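*Asks:* Below is one structure. I have some questions about it.
The values are calculated or read from the model by the stated rules, or taken from the named source; none is laboratory data. Nothing here was measured: the structure is a model prediction, and the numbers come from that model. Using ideal geometry, Cβ is built from the backbone for each residue, glycine included, and neighbour counts are taken over all protein chains shown. The area values use the complete protein model at the heavy-atom level, side chains included, leaving out ligands, DNA and RNA. Shrake-Rupley method; radii C 1.70, N 1.55, O 1.52, S 1.80 Å.
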Amino acid sequence: MVMKFPIGIQSFECLRSEGFVYVDKTALVKKLVSEGKCYFLSRPRRFGKSLLMSTIEAYFKGKKHLFEGLAMAELETEWKEHPVLHLDLNAKPYTKLQDLYDLLDDQLTYYERQYDSIATDKSPEGRFRQLIRSAKQKTGRGAVVLVDEYDKPILQAIGNEPLQDEFRNALKAFYGVLKSADADLRFTLLTGVTKFGKVSVFSDLNNLEDISMNHCYSNVCGISEDELHEYFDTEIGELAKCNNQTKDEAYKELGRRYDGYHFCESSQGMYNPFSVLLTLKNSKYGNYWFATGTPTYLVELLKKNDFKLDEFSNLEVSQDELDSIHQADINPIPVLFQSGYLTIKDYQERFKLYVLDFPNEEVREGFVKFLLPYYTKLKEQQTQTLISKFILSLERGDADTFMQLMQSLMAGTPYELIRELENHYQNVMYIITKLMGFYIQAEYRTSNGRIDLMIGTDKYVYVIELKFNGTAEEALKQIEEKNYTLPFAIDDRQIIKIGANVSGETRNLEEWRIEKMKD
């Protein structure tokens, strides 16, 4: 029997009724609904949040037949039906405050008709409070409130502070109802990509339990290694055949590309479910999750804060930095973590510090490719062609062409893209190096504000040093003084040193000198 993959299906009822594969998370759902009342969960986009919400909705609506054969069928005995108010803020774009009000009006109206709710206070929060009260009065049971993608309006307004403040204030009042209506509620879950804290939407909602970094729920969304083997072993065998691999090689390839998400210290790695399911369905590896769209606000945050891209690797942050976003336009790190572009790779117990990095190859490659057009004049579709030219010039030993390509890449970069010249050039060099690194050995390091770049091919090793408002001669001299070539002293490959200078006046590579150490 051919497996049906639930690509894009967010309805638990549809998934179960139509025979799609379902990775059973219902034991965790039972734990969630039994041990607490008011929760928040942050997970990256397309990680199964909406399906989790739909599963909880089906449970509270008493749809016992949908859970046959799942863990919940053995765990639940009562199956009490509750009124469920499921609000989805992912349904439309938000360019003005009225867009949010229109969406809330549509969804509140639907449930007001269902539960005969008539509010005297016509504000969204007034109607919401009365709706919860009416739902309990009509059914005799506490209401269940599920809010999907609660933060969508705020995220879309990053970079537009006045509009973001309007969204934040409106949602703060709306979600604040969940505390005052506690006596009429049976269960509440808000999900989203990010958590806005302090004076933001959650400041009054202190009864909300954040399970985003709770070890007990680290695998509530996504696919674990055990689940990959349990549910998809046959399909992974087919994937291996289609790609001329052994099954073990296919498992390793899936892990390298899609595994590696850690949502708390010492938790098991989780696979991106969207990319895994599409890979198995198509029998072809690809950057599926990344291709669905990376929010441009992430790049705007990086540029606005003059973030040094090389700091992505082994980035150390505290719990407070990861836990919530106080002012999202100041620190991009929690946004990148909560959005899934960075994840926990290690934890230093002594200092209570988390070490962050890209979760896997799909995110690393996709994100770096996505960045280049935002830091140069290059168009996205030109990236692969340019990288191939860089690599071919290096493989031929043609250092001068390599530097000409770099000069051409930077020439014509609009001035508004360059806030601080040295940091901008370092970021461009980082992006180029990382993109080349998928094909050849390339390492980028910074030390005291200076760039060290080492690139290796089968025949050549390039050691490159850049100066800012200096001279190419000074750059070459630094290579010697710092002994950058020492690690390659007994290497059979030819060592090529390149010293270059970036001019603050022309805002580009002004000169370079090339020296070959041995033939």
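*Asks:* Considering 287, 272, 305, 282, which residue is closer than 27 Å to residue 346 by Cβ, at pLDDT 95 or above and among the polar types (S, T, N, Q)?
*Replies:* 272
*Asks:* Inspect all residues belonging to segment 179-191 and state whether any of them is touching an Asp or Glu at 6+ places or on another chain (Cβ under 9 Å), open to solvent by less than 20 Å² (accessible area, probe 1.4 Å), in a loop (DSSP other than H, G, I, E, B) and more than 26 Å from residue 11 (Cα to Cα).
*Replies:* no
*Asks:* Go through segment 297-318 and give me each residue that's in a helix (DSSP H, G or I), surrounded by fewer than 18 Cβ atoms within 10 Å (Cβ to Cβ) and free of Cβ contacts under 8 Å to residues at least 60 places away in the same chain.
*Replies:* Listed by number, the list holds a single entry, 311.
*Asks:* Give the number of residues within segment 346-367 that are part of a strand (DSSP E or B) and within 24 Å of residue 434 (Cβ to Cβ).
*Replies:* 5
*Asks:* Now for a separate question. Is it true that residue 405 is on the phi < 0 side of the Ramachandran plot, in contact with a helix residue (DSSP H, G or I) (Cβ under 7 Å, 6 or more places away or on another chain), outside any helix (DSSP H, G or I) and of a type outside the set (D, E, K, R)?
*Replies:* No, not satisfied.
*Asks:* Would you be able to tell me the number of residues in segment 157-172 that are over 16 Å from residue 128 (Cβ atoms) and open to solvent by 60 Å² or more (accessible area, probe 1.4 Å)?
*Replies:* 6
*Asks:* Which pairs turn up if I take residues in segment 348-368 that are under 13 Å from residue 255 (Cα atoms) and look for partners that are modelled with pLDDT of 90 or more and among the basic types (Lys, Arg) with beta carbon separation below 8 Å, at least 6 apart in sequence or on another chain?
*Replies:* Here the result reads 360/256; 360/257; 361/256; 361/257; 362/257, each pair linking segment 348-368 to a residue that is modelled with pLDDT of 90 or more and among the basic types (Lys, Arg).
*Asks:* Continuing with the same structure: Which residues, taken from segment 95-147, are of a type in the set (A, V, I, L, M), open to solvent by less than 60 Å² (accessible area, probe 1.4 Å) and either assigned to a loop (DSSP other than H, G, I, E, B) or closer than 15 Å to residue 181 by Cβ (or both)?
*Replies:* Within segment 95-147, 108, 119, 131, 132, 135, 143, 144, 145, 146, 147 meet the criteria.
*Asks:* I've got another one for you. Check off (1) touching a residue at least 24 places away in the same chain (Cβ under 8 Å); (2) open to solvent by 10 Å² or more (accessible area, probe 1.4 Å); (3) of a type in the set (Gly, Ala, Ser) for residue 34 and give me the number that stays unchecked.
*Replies:* Tallying (1) touching a residue at least 24 places away in the same chain (Cβ under 8 Å); (2) open to solvent by 10 Å² or more (accessible area, probe 1.4 Å); (3) of a type in the set (Gly, Ala, Ser), residue 34 fails exactly one: (1).
*Asks:* Return a yes/no flag: does segment 64-75 have any residue that is at pLDDT 95 or above, in a helix (DSSP H, G or I), among the basic types (Lys, Arg) and open to solvent by 70 Å² or more (accessible area, probe 1.4 Å).
*Replies:* Among the residues of segment 64-75, at least one is at pLDDT 95 or above, in a helix (DSSP H, G or I), among the basic types (Lys, Arg) and open to solvent by 70 Å² or more (accessible area, probe 1.4 Å), which makes the answer yes.
*Asks:* Next question, about the same structure. Quick check on this structure: which one of 139, 191 is modelled with pLDDT of 90 or more and either closer than 19 Å to residue 322 by Cα or basic (Lys, Arg) (or both)?
*Replies:* 191
*Asks:* Same structure, new question: Please state which of the following conditions residue 345 fails to meet, knowing it meets all the rest: (1) open to solvent by less than 70 Å² (accessible area, probe 1.4 Å); (2) under 15 Å from the mean Cα position of the chain (by Cα).
*Replies:* If we test residue 345 against (1) open to solvent by less than 70 Å² (accessible area, probe 1.4 Å); (2) under 15 Å from the mean Cα position of the chain (by Cα), just (1) comes out false.
*Asks:* Which condition number does residue 246 fail, the rest of (1) under 21 Å from residue 43 (Cβ atoms); (2) open to solvent by 20 Å² or more (accessible area, probe 1.4 Å); (3) free of Cβ contacts under 8 Å to residues at least 60 places away in the same chain being met?
*Replies:* Failing condition for residue 246: (1).
*Asks:* Residues being outside any strand (DSSP E or B) and either crowded, with 20+ Cβ neighbours inside 10 Å or in contact with a strand residue (DSSP E or B) (Cβ under 7 Å, 6 or more places away or on another chain) (or both): count how many of those fall in segment 505-519.
*Replies:* Number of matching residues: 3.
*Asks:* Related question: Kindly indicate the residue of segment 440-456 that is open to solvent by 10 Å² or more (accessible area, probe 1.4 Å) and under 17 Å from residue 389 (Cβ atoms) and also modelled with the highest pLDDT among those meeting that condition.
*Replies:* Top of the filtered list is 440.
*Asks:* Could you check residue 175 against (1) open to solvent by 20 Å² or more (accessible area, probe 1.4 Å); (2) free of Cβ contacts under 8 Å to residues at least 40 places away in the same chain and say which number it fails?
*Replies:* Among (1) open to solvent by 20 Å² or more (accessible area, probe 1.4 Å); (2) free of Cβ contacts under 8 Å to residues at least 40 places away in the same chain, the lone unmet condition for residue 175 is (1).
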